[in-house]
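What follows is a short report on a single structure.
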Amino acid sequence: MQVAQAGKVAGSGGRLPFPSDEAAPLLEAADLRAWHAGLPPGAVVAVAMSGGVDSSVAAALCVAAGVETMGVTMRLWGTEEMERGEGGCCSVDAVEDARRVCARLGIPHYVLNLREHFQATVVADFLYEYGHGRTPNPCVRCNETVKFAELLRRVAAVGASHLATGHYANVRRGQDGIFTLHRAEDPRKDQSYTLFRCDQDVLSRSIFPLGRLPKPRVRALADLLGLGVAQKPDSQELCFVGGGDHRQMLQQELVGTFATGPIIGPGGVRVGTHRGLPFYTVGQRQGLDLEVTRPDSEPQYVIQLRPEQNALVVGPWRALLSSQCAVERCVYPDGRAPRAQIHGEAQTRAHGRPAEARWTPLGSARARVVFTQPQAGLAPGQSLVLYDGDRVVAGGEVAESNKEEMA
């Protein structure tokens, strides 16, 4: 394992192992020329490698395109956590898998220590937002502050001009020189939602080699190339939440900052006691422990968190519906904020169904989004991304929803 230091570090053209001609059509399907043609002469690509199948195949595709390539793995945790297997994509096993893939491809592999930066941005933000009654998306924050900010800066310091990742998304450059972010060809794996905060500088230096490949073909390529990770399961949990239970983490990290409080039902009636607002989110039904007075009572859902009153508001499912919401911290990937209302499809969850909506900019990085059909479970802090077809045109965080007060 090599740890990268500041200064020029040469990459390598690598060598793509071809055990058979079967890989050729898969490489052709990846359409390497689509992004390789836009690289300047002498480009050096650093591939962010987690040790998983996606980033491994992304590295192989960079080598196949003839680009000078290096692999980099982020170290986000201390040695003890890594040895226990915590941290998922940067455990000791994950780092070793990334190293083996790089050796197979004939490219150098470096480990970059981003532990303090990750803790100060992604983890701290996650805890702060939940502690203040909001529902954050740590994957969006990680892409914004770590992968496509600090990591991009670090790899530039060791000689890389571009960063490639295993994200399923596409970047295109228009005739006007503007870079645009688009959905992946495989809608089931599309990750453009979590990348909406990538600006022009980031998009101009980012490569997503898997954007035109469905996941089964990615695994097939990994198998044919003998990368040793073809059957490795996808990560299904937050990398910094051991065991996948974020509430247990909140219990440990926010101890002393929360308290029990009232659960308020329709009409302002107290119907229970919550254990602390960080353990609830809008739309939640399970774990409320409500006082049921009638056997035929409607199921109750979390409708609102009120930190100033330390109160949780619940109601029937229909009370979750919102026809509009305010959006804050708005960004526009093409760098051009609209001057008037725009129409598109709004997505409020990473793999949620887009809904027809109108986006009206309000200035000061805020906007108002009005839905053609009311949407359920809009939570403050939740990312909302607007698409025009497959292109990301705007995004931000839900500030408030237009629902009636329940109490």
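Taking θ as phi - 60° and the Karplus parameters 6.51, -1.76 and 1.60, the scalar couplings of the stretch 360-372 work out to 10, x, 10, x, 6, 6, 10, 7, 10, 10, 10, 8, 5 Hz in sequence order, x denoting glycine and proline. Equivalent-ellipsoid semi-axes for the stretch 162-229 (Cα gyration tensor, √(5λ), whole Å, largest first): 24, 13, 10. With q set to 0.18, 0.22 Å⁻¹, the log10 of I(q)/I(0) for the stretch 265-308, from the Debye formula over equal scatterers at the Cα positions, is -0.55, -0.83.
For Asp234 and Gln200, the difference between the fully extended length at 0.36 nm per residue and the C-alpha to C-alpha distance is 9.3 nm. Take every pair of alpha-carbon atoms less than 8 Å apart whose residues are at least six positions apart; their mean separation over the length of the stretch 258-315 yields a relative contact order of 39 percent. Modelled spin-label separation between Ala259 and Ser297, with each label point placed 7 Å from Cα along the Cα-to-Cβ direction: 2.5 nm. When the alpha carbon gyration tensor of the chain is reduced to an equivalent ellipsoid, the three semi-axes, largest first, read 41, 25, 19 Å. Remark: spin-label model distance Ala24-Arg153 equals 4.6 nm, labels positioned 7 Å along the Cα→Cβ axis. A Förster radius of 22 Å, combined with the Cβ-Cβ distance separating Glu116 from Ala365, puts the computed FRET efficiency at roughly 0.20.
Using the rule -39500 (n - 2.57) for each DSSP H run of four or more residues, divided by the residues of the chain, the 222 nm mean residue ellipticity is -5500 deg cm²/dmol. Max-minus-min Cα coordinates of the stretch 273-369 on each principal axis give 53, 28, 21 Å, with the largest extent listed first.
Look at the alpha carbon pairs under 8 Å that are at least 6 residues apart: their mean separation over the length of the chain gives a relative contact order of 16 percent. With no solvent and one point per C-alpha, what does the Debye sum give as log10 I(q)/I(0) for the stretch 115-174 at q = 0.15, 0.19, 0.23, 0.30 Å⁻¹? These q points yield log10 I(q)/I(0) values of -0.56, -0.79, -0.97, -1.20.
In this structure the amide hydrogen of Gly344, modeled in the peptide plane, comes within under 5 Å of the amide hydrogens of Ala357, Trp359, none closer than 5 places in sequence on its chain. Here r is the Cβ-Cβ distance between Trp317 and Arg173 and R0 is 60 Å; the resulting FRET efficiency, rounded to 0.05, is 0.85. In whole angstrom, the stretch 219-327 maps to an equivalent ellipsoid with semi-axes of 38, 19, 14, each derived as √(5λ) from the alpha carbon gyration tensor and ordered largest first. Counting only Cα atoms, the size of the stretch 320-401 along its three principal axes is 33, 26, 20 Å, in decreasing order.
None of the figures in this text is laboratory data; all of them are computed from the coordinates on show. Owing to the predicted nature of the structure, the values given are computational and were not obtained by experimental measurement. Cβ sites come from the backbone with ideal geometry, for glycine too, and all protein chains shown count toward neighbours.
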